[in-house]
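A.B. asks: Handing you a structure now.
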Amino acid sequence: MAGELADVEGVLLDMDGVLTVSWRPIPGAADAVSWLRTNEIPFRLITNTTMLSRTRLAAILREGGFDVDREEVLSAAAATGAHLRERHPGARCYVLGETDDILEDLQGVTIAQDGSADVVVVAGADDRFTFANLNHALNLLVGGAALVAMQRNLTWLTDEGLKFDAGPYVDALERAAGVRAVVVGKPEPAFFRQGVETLGVPIERVAMVGDDLAYDVMAAQSLGMAGILVRSGKFRPGVDDREGGAPDHVIGSVAELPALLRS
Ligand SMILES: [Mg+2]
């Protein structure tokens, strides 16, 4: 049953805010990952990050001292590439957001940044989310294009403070165009299930570790996983407390995970 950590046989880890902040390792995080490896507890990193390819994400983690392979990284961008190839084969896709660094994950997808498009794909919010580009997306949607969001996080934490993520823009496009987005990344059950399947562990024996109460912890709990909230990253006392969820466990950072799983 969720919450009984003695039974945990596999772990899903959020990346941003759990292992790193602004790509710098959180103290003790690399040791926690090594502990999982040493104790043969399979793990996957499940991230809504859309700025970098899986290859680059794994490389950054390895440079930061994490013992992680590319195959252990599941990203919303890569899952979106798979989704578009499967559900919208051959479609012209207008991508809102920077794609230069995730082209590897979008192989086989026809990117159409000018003219007509069959699908509007929302990546992570960045400087490409201009008034002109948002209006182009809006008009494509009104003209019948499908709306696919890599994720719909509200905010993300950087060295410069909180920044808007894609979520508020997805909300705006949905409302203005009168459409509903298909979301690929967390908190979508299919994304978590994809991670659990690659662990090869029953979902009730998996713990999800994240800094986002709603999209990491509560979403995983609703599927039967144990939900562990870390107070690193974008966790904000007062704000997150109001979400109404109850994590199975709360720890200061992922550095405390080995002690929790041993307890
Ligand atoms: Mg996070």
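A.B. asks: Taking each pair of different alpha-carbon atoms in the stretch 88-183 once, compute 1/r for the pair, average those values, and report the inverse of that mean as the Kirkwood hydrodynamic radius in Å to one decimal.
C.D. replies: Final number for the Kirkwood radius of the stretch 88-183 is 13.5 Å.
A.B. asks: Over what distance in Å are the Cα centres of the stretch 216-235 and the stretch 18-72 separated?
C.D. replies: Each part reduced to its Cα centre gives a spacing of 17 Å.
A.B. asks: Going by the alpha-carbon gyration tensor, a ≥ b ≥ c the square roots of its eigenvalues, is the stretch 145-255 rounded (a/c under 1.5) or, if a/c is not under 1.5, prolate (a/b greater than b/c) versus oblate?
C.D. replies: Working: a/c = 2.12, a/b = 1.24, b/c = 1.71.
It comes out oblate by the Cα gyration axes.
A.B. asks: Calculated FRET efficiency, Phe131 and Glu204, Cβ-Cβ r, R0 41 Å, to nearest 0.05?
C.D. replies: Values: r = 47 Å, r/R0 = 1.14.
That gives a FRET efficiency of 0.30.
A.B. asks: Ok, one more. May I ask for the angle, rounded to the nearest 10°, between helix 76-87 and the longest principal axis of the chain, with both axes built from Cα atoms and the value confined to 0 to 90°?
C.D. replies: The answer is roughly 50 degrees.
A.B. asks: Also, quick follow-up: For labels at Arg193 and Ser34 in the simple 7 Å Cα→Cβ model, what's the distance in nm?
C.D. replies: 3.7
A.B. asks: Percent of alpha carbon pairs in the chain separated by more than 36 Å? Could the numbers behind the result be given before it?
C.D. replies: Working: 4301 of 34453 pairs.
Tail of P(r) above 36 Å: 12 percent of Cα pairs.
A.B. asks: Karplus couplings for the stretch 47-58 from phi (6.51 cos²θ - 1.76 cosθ + 1.60, θ = phi - 60°), rounded to Hz, Gly and Pro as x?
C.D. replies: Values, residue by residue: 10, 8, 4, 10, 7, 9, 6, 4, 4, 5, 4, 5 Hz.
A.B. asks: Hey, another quick one. Can you give the angle from 0 to 90° between the axis of helix 167-177 and the longest principal axis of the chain, with both taken from C-alpha atoms, to the nearest 10?
C.D. replies: The answer is roughly 30 degrees.
A.B. asks: For the chain, give the magnitude of the charge dipole about the Cα centre (Cβ charges: +1 Lys/Arg, -1 Asp/Glu; no others), in debye to the nearest 20.
C.D. replies: Around 420 debye, computed over the chain.
A.B. asks: How far is it, in nm, from the label point at Ala176 to the one at Arg87 when both lie 7 Å from their Cα along the line to the Cβ?
C.D. replies: My value for the distance between the label points is 2.2 nm.
Here, each number is a calculation from the coordinates, and none is a lab measurement. It should be emphasised that the depicted structure is a prediction, and the values quoted were computed from it without experimental measurement. Using ideal geometry, Cβ is built from the backbone for each residue, glycine included, and neighbour counts are taken over all protein chains shown.
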